[in-house]
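**Student:** Quick one: structure below, then a few questions.
Just so it is clear, none of the values below were taken in a lab; they were calculated from the coordinates. Quick caveat, the model's predicted, so the values are computed rather than measured. Note that we place each Cβ from the backbone using ideal geometry, even for glycine, and neighbour counts take in every protein chain shown.
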Amino acid sequence: MVQMRRLLGSVDGVLSLGQGAVFWAPPAEAIAEAAAHAHEPLYSQYGADEGISELRAALERKIKDVNKLEGYKVMVTAGANQALVSLMLTLLDPSDRAVLFRPYYFNTLMAIQMTGGGASVVLGPSDPETWHPDLDWLEEELKGPRPPKLVYVVSPCNPTGVTVPRAKLERLAELTGAAGAWLLLDNTYEAFRYSGEAHFCPSAPNVIHLFSFSKAHGAMGWRVGYIAYADTDNSDFLGLQLVKVQDTIPIHAAHMSQQVALRALRAGPEWLGGRISQLRQNREAALAALAPLGSMGKGIWGGDAIYLWARLPPGCDDDRAVVAWLVHVHKVAVIPGSACGTEGHIRVAFGQPAPDEFREAAGRLGSALRQLTAEGFAAVQAWRDRGQGV
């Protein structure tokens, strides 16, 4: 994302379909009510590392009622990315191995690289027809001489927008549990489901869940996420280690941010549904733009979360060059698949901008992809030959 921001900063008038964000903010009344109490001494003092008690209680009710997670504890974090880093620091030792499936969420790879103390990343395959994780491969890997200590999966997926079916999530929990490995399931996009595939959270002592307020509640800048872990005989020790990491890095999420999250949660599913339903227009516009590359399941995948994943035409494996061409020539930005470990693909985010501006961005992308499909990589090369390539 840093590289993309630098690229976008070098060109005027670009519309971005790259950032994984939404175009709305938390409920106005939630922000107003939280701000009204900003003068209170509590907001300026340290609080509980694991989060304010009212928010944690509300979240434990939510994961029980909505996610069907019985007997799970919650820790509030300064965003889901901080939760991810804290979990890597807590669960991985220098000699451990961790599994990500291609295409992966790039921040997860960086979190392991930065915090694992030498822990090696094992990049597992996904089925290129469905983009579901290859669990037969994982089963063999878990039987090997150095089985991985942790397996990470996000569903609905960033970057593919594909929801992993319940049966495969249950098998993931069984395989990792039998091997004594942690399964870290990222549920950041749990509310964004357009394909008809239901969201599911398996429950087991080795399964840890990660959640976020950034996407569905539009609270990207407020930085609130949370970790849910099973309440077992060992959970006090796990919770203590997580608190140790939390106290070392942010101490706790900002008080006002937690209050906004609490009040946003109280807005209920009706508020969420009203916002998320608006993205259907964006999704349809994005699908129309990607039509030169194929159809759903044949060249284009996903549509849950806020992403579509597409394969570029033959000969266009240098997706970074294609993305630079899109930015400079067609004034529209997407994420190259190589950033997620799978070259020759692109990720299109449809969470922002709002529908009117999104249609303009999608129109630019569609025009570019029609040219790319007709001319192939020669279109990009011609731009490079004019001395414009970067």
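**Student:** State, to one decimal in nm, how far the label point of GLU140 lies from the label point of SER120, with both points 7 Å from Cα in the Cβ direction.
**Tutor:** 1.7
**Student:** Please state the charge dipole magnitude for the chain, taken about the Cα centre, from unit charges on C-beta atoms (+1 on K and R, -1 on D and E), reported in debye and rounded to the nearest 20.
**Tutor:** Magnitude of the dipole: close to 760 debye.
**Student:** Calculate the FRET efficiency for HIS328 and ASP233 from the Cβ-Cβ distance with a Förster distance of 56 Å, rounded to the nearest 0.05.
**Tutor:** With a Förster radius of 56 Å, E is 0.45.
**Student:** Still on this model: Sorted by mean Cβ packing within 10 Å, highest first, what order do the peptides 160-171, 61-72, 286-297 take?
**Tutor:** Highest-to-lowest ranking by the protection proxy: 160-171, 286-297, 61-72.
**Student:** Only bridges with both residues in region 28-266 count here: give the DSSP antiparallel percent, nearest 5.
**Tutor:** If I count the DSSP bridges inside region 28-266, around 40 percent turn out antiparallel.
**Student:** Additional query: Please compute the Cα-Cα pair-distance distribution of region 28-266 with 5 Å bins starting at 0, giving whole percents from short to long.
**Tutor:** Pair shares across the bins are 1, 6, 14, 19, 20, 17, 11, 6, 3, 1, 1, 0.
**Student:** Using the Cα centre as the reference, give the magnitude of the dipole from point charges on the C-beta atoms of region 242-390 (Lys, Arg: +1; Asp, Glu: -1; all else neutral), rounded to the nearest 20 debye.
**Tutor:** So the dipole magnitude of region 242-390 works out to roughly 240 debye.
**Student:** On a full-extension model of 0.36 nm per residue, what is the gain between GLN113 and GLU29, subtracting their alpha-carbon distance, rounded to one decimal in nm?
**Tutor:** Computed gain between GLN113 and GLU29 is 26.2 nm.
**Student:** In the neighborhood of PHE358, defined by Cβ-to-Cβ distances under 13 Å, what is the net charge if each Lys or Arg adds +1 and each Asp or Glu adds -1?
**Tutor:** My count for the surroundings of PHE358 gives 0.
**Student:** For the charge dipole of the chain, defined by +1 on Lys and Arg C-beta atoms and -1 on Asp and Glu C-beta atoms about the Cα centroid, which residue among VAL22, GLY144, GLY71 has the Cα displaced farthest towards the positive pole?
**Tutor:** Farthest towards the positive end: VAL22.
**Student:** Relative contact order for region 28-266 using alpha-carbon pairs under 8 Å, separation at least 6, rounded to a whole percent?
**Tutor:** Worked out over region 28-266, it gives 28 percent.
**Student:** State the answer as a single residue: which of PRO128, PRO314, ALA178 lies farthest towards the positive end of the charge dipole of the chain, with beta carbon charges of +1 for Lys and Arg and -1 for Asp and Glu, about the Cα centre.
**Tutor:** About the Cα centre, the residue reaching furthest to the positive side is PRO314.
**Student:** Test of understanding: ordering ASP49, ASP12 by Cβ neighbours within 10 Å, fewest first, what list do you get?
**Tutor:** Fewest to most other Cβ atoms nearby, the residues stand as ASP12, ASP49.
**Student:** Can you compute the equivalent ellipsoid semi-axes for region 38-127, i.e. the square root of 5 times each eigenvalue of the Cα gyration tensor, sorted largest first and rounded to whole Å?
**Tutor:** Ellipsoid semi-axes (Å, largest first): 31, 18, 12.
**Student:** Ok, one more. Going by alpha carbons, how many degrees (0 to 90, nearest 10) lie between the helix axis of 53-65 and the longest principal axis of the chain?
**Tutor:** Around 70 degrees separate the two axes.
**Student:** Between GLU375 and ARG193, 0.36 nm times their residue separation minus their Cα-Cα distance comes to what?
**Tutor:** Gain on extension, GLU375 to ARG193, equals 62.0 nm.
**Student:** Under the rule of -39500 (n - 2.57) per DSSP H run of 4 or more residues, summed and divided by the residues of the chain, what mean residue ellipticity at 222 nm is obtained, to the nearest 500 deg cm²/dmol?
**Tutor:** -13000 deg cm²/dmol, from helical runs alone.
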